[in-house]
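First the structure, in the form of structure tokens, and then the observations on it.
The values are calculated or read from the model by the stated rules, or taken from the named source; none is laboratory data. Quantities reported herein were computed from a predicted structural model and do not represent experimental measurements. Reconstructed Cβ throughout: ideal geometry from the backbone, glycine too, with neighbour counts over all protein chains shown.
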Amino acid sequence: MGYDGKYGKVTTEHGDIPDDEPVIVFRARDKMVPAMISFYRSLCQDNGSPQRHLDLIQRCANNIIQWQADHPERTRQPDSERSRAWMGDTT
């Protein structure tokens, strides 16, 4: 289980993230995610990541792009205001 500063504890099906490892979660509703994933894929390709990893990234990007097209009312500019307000964190 890792920890994301915005969403808190992050668990995975396989439980292979150590408790002390920071992680970051990007959600499909974030308008910036398709561009970020495209940039990440380019970085991975330029640095020799295997094709299976590049394919996984591309499938994820395609799924998010389709989700955003299907749910424009749920897609928004990213922020941390609403998710962190309960913590009393104003930074």
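Among residues of region 54-69 being under 13 Å from the mean Cα position of the chain (by Cα) and not aliphatic (A, V, I, L, M), the one that is farthest from Phe26 (Cα to Cα) is Asn63.
If you filter region 33-48 down to residues that are exposed (fewer than 12 other Cβ atoms within 10 Å of the Cβ) and in a helix (DSSP H, G or I), you find that the one that is farthest from the chain's Cα centre (by Cα) is Asp46.
What tally of residues in region 7-32 results from selecting those that are without any contact (Cβ under 8 Å) to a residue 24 or more places away in the chain and not in a loop (DSSP other than H, G, I, E, B)? Looking only at that region, the number is 4. Take Arg52 and decide whether it is modelled with pLDDT of 90 or more, in a helix (DSSP H, G or I) and exposed (fewer than 11 other Cβ atoms within 10 Å of the Cβ). Considered against the rule, which asks whether it is modelled with pLDDT of 90 or more, in a helix (DSSP H, G or I) and exposed (fewer than 11 other Cβ atoms within 10 Å of the Cβ), Arg52 comes out as yes.
Scoring Val10 on the criteria (1) surrounded by fewer than 13 Cβ atoms within 10 Å (Cβ to Cβ); (2) of a type in the set (Val, Ile, Thr); (3) over 25 Å from Glu73 (Cα atoms) leaves a single failure, condition (1).
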